[in-house]
Amino acid sequence: MKLFSLILKSILGIVFLVIIIGAALFIPFGNFHYNLAWWYLSLFTISVISITVYLILFDKHLLKSRISGGPIAETRPAQKIIQLTASVVFLGIFILSALDYKNKWSNVPISFSYLSFLFCLAAFVWVFFVFKQNTFLSATIELQKKQQVISTGLYSVVRHPMYTGVLILLLFTPIALGSYYGLLAVIILLVVIIFRAMDEEKELKQNLEGYKAYCEKVKFRLFPFVF
């Protein structure tokens, strides 16, 4: 993929994602006077653009593999279902949070929301370092040419630090948006991610040399001393 095409596809992907998330927030809310949503969209957009710029400059291989993800890109039916489910539930987090905030089902202190923005930012920083440490982090479950087991950095803490960062982001997203009910969708997505991680490990144990030994060394998949 040529550089211009890669950059254009990345930009269009970011714009599309931000529009979809914005629609999932403002349509259920009923208007654009949802300040917490604007703060969240700003944080999300700036963070994603920053990571994308880094990948354009230093790891085009990883960027190319990341923008080619999604349910259609998966090669196995089980992962297509998992990815499709994850996409629907992901949007459900924003829809449910917006409805909650609009109808005042929850009573989230504004200080909790502001604090949650800091955790969301920390999650993006975590994800950035995961990208920095693993150039083989494809958006689909596949074995790449010359792929090696990454066992240093965050990968020495948990086997799937990317999923850990995503879960931290999603866990604090509803609270940042002024909602507790949005956490119900996060719980569902947690289950989906666990299934994906376990299926990914099965694939890697069979096809990636050294991955079994890595799993024996690093005991926890997502959270130290928990799972």
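The values are calculated or read from the model by the stated rules, or taken from the named source; none is laboratory data. The structure presented is a predicted model; accordingly, all values stated were derived computationally and were not measured. Note that each Cβ is placed from the backbone with ideal geometry, even for glycine, and that neighbours are counted across all protein chains shown. All accessible areas refer to the heavy atoms of the entire protein, side chains included, with ligands and DNA or RNA removed. Shrake-Rupley method; radii C 1.70, N 1.55, O 1.52, S 1.80 Å.
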Just checking my list (1) 18.5; (2) 18.0; (3) 17.5 against Kirkwood radius over Cα pairs in Å computed from this structure; which label fits? (1)
Within region 19-177, pairs of Lys residues whose Cα atoms are less than 21 angstrom apart, provided they are eight or more positions apart or on distinct chains, add up to 9
Just from its helices, what would the mean residue ellipticity at 222 nm be for the chain, if runs of 4 or more DSSP H residues each count -39500 (n - 2.57) and the sum is divided by every residue, rounded to the nearest 500 deg cm²/dmol? -23500 deg cm²/dmol
Using a probe of 1.4 angstrom, how much of the accessible area of the chain is carbon and sulfur, in percent? 71
Nearest 10 degrees, 0 to 90: what angle lies between the long axis of helix 3-29 and the longest principal axis of the chain (Cα atoms)? 40
Using alpha carbon centers only, region 174-207 is separated from region 1-67 by a whole-angstrom value of 21
With every protein chain kept in place and ligands, DNA and RNA left out, what is the accessible area per residue of region 1-90? Probe 1.4 Å, answer in Å². 58
Angle in degrees between helix 183-207 and the longest Cα principal axis of the chain, rounded to the nearest 10: 10
With a Förster radius of 25 Å, plug the Cβ-Cβ distance of Lys104 and Ile20 into 1/(1 + (r/R0)^6) and report the FRET value to the nearest 0.05. 0.50
Taking a ≥ b ≥ c as the square roots of the eigenvalues of the Cα gyration tensor of region 1-90, is the shape rounded (a/c under 1.5), prolate (a/b larger than b/c) or oblate? oblate
Angle check, please: helix 161-176 long axis (alpha carbons) against the longest principal axis of the chain (alpha carbons), in degrees 0 to 90, nearest 10. 0
